[in-house]
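Report on one structure; see the data block that follows.
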Amino acid sequence: MTHIQTLNGATLKQSAAHGGCGECQTSCQSACKTSCTVANQKCENKK
Amino acid sequence: MVHTFVCLGVPVAVDVNSGAVHVLDKTAYDVLTLLDGPLADTCPQELYGKLSQYTPEVVDEAWAELLELQKNGLLFTEDNYIDPAAATLMQQDAPIKALCLHVSHDCNLRCQYCFASTGDFGTGHRMTMDVETAKKAIDFVIERSGSRRNIEVDFFGGEPLMAMDTVKATVEYARSLEKEHNKNFRFTITTNGVLLNDENIEYINREMSNAVLSLDGRPEVNDRMRKTVAGGGSYDVILPRFQKLVEGRGEKDYYLRGTFTRYNADFAADVLHIADQGFRHVSVEPVVGGPDCDYTFREEDLPGILEEYERLAAELLKRDDVNFFHFNVDLSQGPCVIKRMRGCGAGCEYVAITPEGDIYPCHQFVGNESYKLGNLYDGTFDMELSRNFAGLNIYTRPDCKDCWARFYCSGGCSASNLLVNGDIKKPNRFGCNMQRKRLECAIAMRAIRAGMAEERV
Ligand code: SF4
Ligand code: SF4
């Protein structure tokens, strides 16, 4: 490709297959206590 | 849904539903921004006219590349994660797995913007949690957490170091039950630093998996808001204590956590100031306040704040010794999509408990009687209210459903929605605009760090 570089693939779709265990951190607890960004959290269920 | 933007000079396309992110050149960007749905097999005639700055061959070339992404499930993918009818039922039986333990409704600072009304949460009486109540809270979360193994307990306040005996007794009690109930407790503490000394620094660094240390930034900024009881500044007292704590922390998590208000709209300088004091992990957040406070942002402040985020991103690209919480987006290894739909879990997965044993949906609801969920002593727990919270997710909050940032944000903050819009379901537009800007900055930073930004618009 000359016009496009892909920084990240379809990782959300892939995560649907193994996700939902609920063991990860509650988002608001991690640092800010005022918002619920989840994108910076770790998954506890390493495939 | 595809979101295109230019940030830090980098043109980007986010394919919202698949999580794919693409760095574009100017041609591909111009083509894509003219589309509002999937690409046909060949480029429609009228597009050549609209893109007359390019030759048809170049437009065709970009079109073909975009089409290839689409065919590979990386552009204009559908959101087929969940049947919309099932969305409201999604979290019905979620076990409670995280507590915010308000071990002290008392504080030794008088921060002007404190949502806890300087510690007492507007109740007028200051008290600390006794050990009996704290143990009941641990029993409560063990009982309610079902098969979840990881349990989080955040010691919060007021100022939790004013109740250090309760903190220690709680940790000891919880640890004594871990094996028998197959639980793994993770403790965190959020402190203003005033009472830190060698002994409790050592304790925190040993027992707490995360420490959130409150400091707003430059001395004059910090001291304007974070005042002592006598009205003086707190910066000189707390800075050396935080430095000492972090020195002894090793690899464990911590965050220097500041708040910015209308009075320091140039908050990038505060982030950098904190970093320059030797702190790697920094989180500086917009103040949460009602429309009547002088320090709360007004509509006209928004463009300046968004620019400030971009300025901060540009500064942070020049150094690799700072981890700014909201620019830290893990595109590939982050949480699963299920987690990203659900949001913070306040009121269902996560609750706050007061010194009196009252249970609230989260720390920011404490003191708001109409949102009280129950009490540890009389055993009450309002399942209906809890279900109202459990039913909140990116599909049931109307604005989130159509927002490109939904899988990164997970649906905003019910408490600030209530404060600003009087409705836990109605996102706070101002906050959303900041959230989306932070995400754009974070993604653009990733692209630049990955060396993909040579060709800029
Ligand atoms: S940014 Fe706002 S509208 Fe978008 S997902 Fe978050 S809370 Fe919802
Ligand atoms: S409602 Fe807001 S403050 Fe409360 S836990 Fe959720 S994101 Fe955090």
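Counted as qualifying within region B:19-81 are the helices (runs of 4 or more DSSP H) with 2 or more residues that are within 11 Å of another protein chain (Cβ to nearest Cβ) and under 32 Å from the mean Cα position of the chain (by Cα), namely B:26-33. For B:R387, the requirement of being within 16 Å of ligand 2 (Cβ to nearest atom) and touching a Phe, Trp or Tyr at 6+ places or on another chain (Cβ under 8 Å) is not met. Which residues, taken from region B:115-142, are within 21 Å of B:F260 (Cβ to Cβ) and surrounded by 17 or more Cβ atoms within 10 Å (Cβ to Cβ)? B:F115, B:A116, B:T118, listed by residue number. Only a single item in (1) buried (at least 22 other Cβ atoms within 10 Å of the Cβ); (2) modelled with pLDDT of 95 or more; (3) within 16 Å of the chain's Cα centre (by Cα) is not met by B:A444, and it is number (3). Elements of the type helices (runs of 4 or more DSSP H) sitting completely within region B:303-415 and holding at least 3 residues that are within 16 Å of ligand 1 (Cβ to nearest atom), within 13 Å of chain A (Cβ to nearest Cβ) and in contact (Cβ under 8 Å) with a residue 60 or more places away in the chain: these cover B:337-342, B:406-409. Just one of the listed residues (B:G158, B:G146) is within 14 Å of chain A (Cβ to nearest Cβ) and either without any contact (Cβ under 8 Å) to a residue 12 or more places away in the chain or buried (at least 23 other Cβ atoms within 10 Å of the Cβ) (or both), namely B:G158. Take the conditions (1) under 21 Å from B:F407 (Cβ atoms); (2) at pLDDT 85 or above; B:A64 misses just one of them, which is (1). Looking only at region B:421-439, count every residue that is more than 12 Å from every other protein chain (Cβ to nearest Cβ) and either crowded, with 24+ Cβ neighbours inside 10 Å or within 14 Å of ligand 2 (Cβ to nearest atom) (or both) and tell me the total. Residues in region B:421-439 being more than 12 Å from every other protein chain (Cβ to nearest Cβ) and either crowded, with 24+ Cβ neighbours inside 10 Å or within 14 Å of ligand 2 (Cβ to nearest atom) (or both): 5 in total.
The values are calculated or read from the model by the stated rules, or taken from the named source; none is laboratory data. Note that the coordinates shown come from a computational prediction; the quantities given were computed from them, not determined experimentally. Because the Cβ atoms are built from the backbone with ideal geometry, glycine has one as well, and the counts that use them run over all protein chains shown.
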